[in-house]
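Accompanying notes for the structure given below.
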Amino acid sequence: MVEMEPLSLEVLPPSHFKAFAKNAPHEIKGAVIENTERGLVIVLHVGNERRILGQYRGGIRFFRSFDGAAAVLRQHGVLHWTANAKGWIPRTLEAKERSSDG
């Protein structure tokens with residue numbers, strides 16, 4: 001199977017994610033918190049497809065922290081996921097690096 005860049009995946013609206021989580025939780029096969037150049041995203045494995053979680057007003061939902069992304073998954077009953085933190089720098093480290101540069 002060829003892996004696609006997360007940002008090129010079809011967006012799953014949050015209302016659909018909520019419906020799957022409530023009515024067909026067995027269809028949610030897994031999730032990955034992925035780092036992209038614009039922030040962290042949630043890639044959901046729904047049925048045989050990979051979809052990126054969207055936001056209510058349209059577009060992709062980006063997270064600034066793993067904690068925020070994990071909270072969304074947990075609140076919808078997804079308790080197991082993986083994470084790809086390659087290239088991700090926590091905000092606390094960014095702040096320390098900026099203060100030591102100046």
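Read the figures in this text as sums done on the coordinates, not as results from a lab. Being a predicted model, the structure only gives us computed values, none of them experimental. All Cβ positions, even for glycine, are placed from backbone atoms using ideal geometry, and neighbour counts span all protein chains on display.
The helices (runs of 4 or more DSSP H) found entirely in segment 6-102 that carry 2 or more residues being among the hydroxyl-bearing types (Ser, Thr, Tyr), surrounded by fewer than 18 Cβ atoms within 10 Å (Cβ to Cβ) and without any contact (Cβ under 8 Å) to a residue 12 or more places away in the chain are 91-101.
Just checking, does segment 32-40 include any residue being among the charged types (D, E, K, R), under 27 Å from Lys86 (Cβ atoms) and in contact with a Pro (Cβ under 9 Å, 6 or more places away or on another chain)?
First pass over segment 32-40, keeping only residues among the charged types (D, E, K, R): 34, 37-38.
So of that shortlist, the ones also under 27 Å from Lys86 (Cβ atoms) come out as 34, 37-38.
Of the ones still in play, those that are also in contact with a Pro (Cβ under 9 Å, 6 or more places away or on another chain) are 34.
Within segment 32-40, one or more residues are among the charged types (D, E, K, R), under 27 Å from Lys86 (Cβ atoms) and in contact with a Pro (Cβ under 9 Å, 6 or more places away or on another chain).
Consider segment 1-60 and keep the residues that are among the polar types (S, T, N, Q) and out of contact with any helix residue (DSSP H, G or I) (no Cβ under 6 Å at 6 or more places or on another chain). The one that is farthest from Val78 (Cα to Cα) is Ser8. Given the structure, is Asn48 closer than 19 Å to Ser8 by Cβ and either within 9 Å of the chain's Cα centre (by Cα) or of a type outside the set (A, V, I, L, M, F, W, C) (or both)? When the stated conditions are applied, Asn48 passes them.
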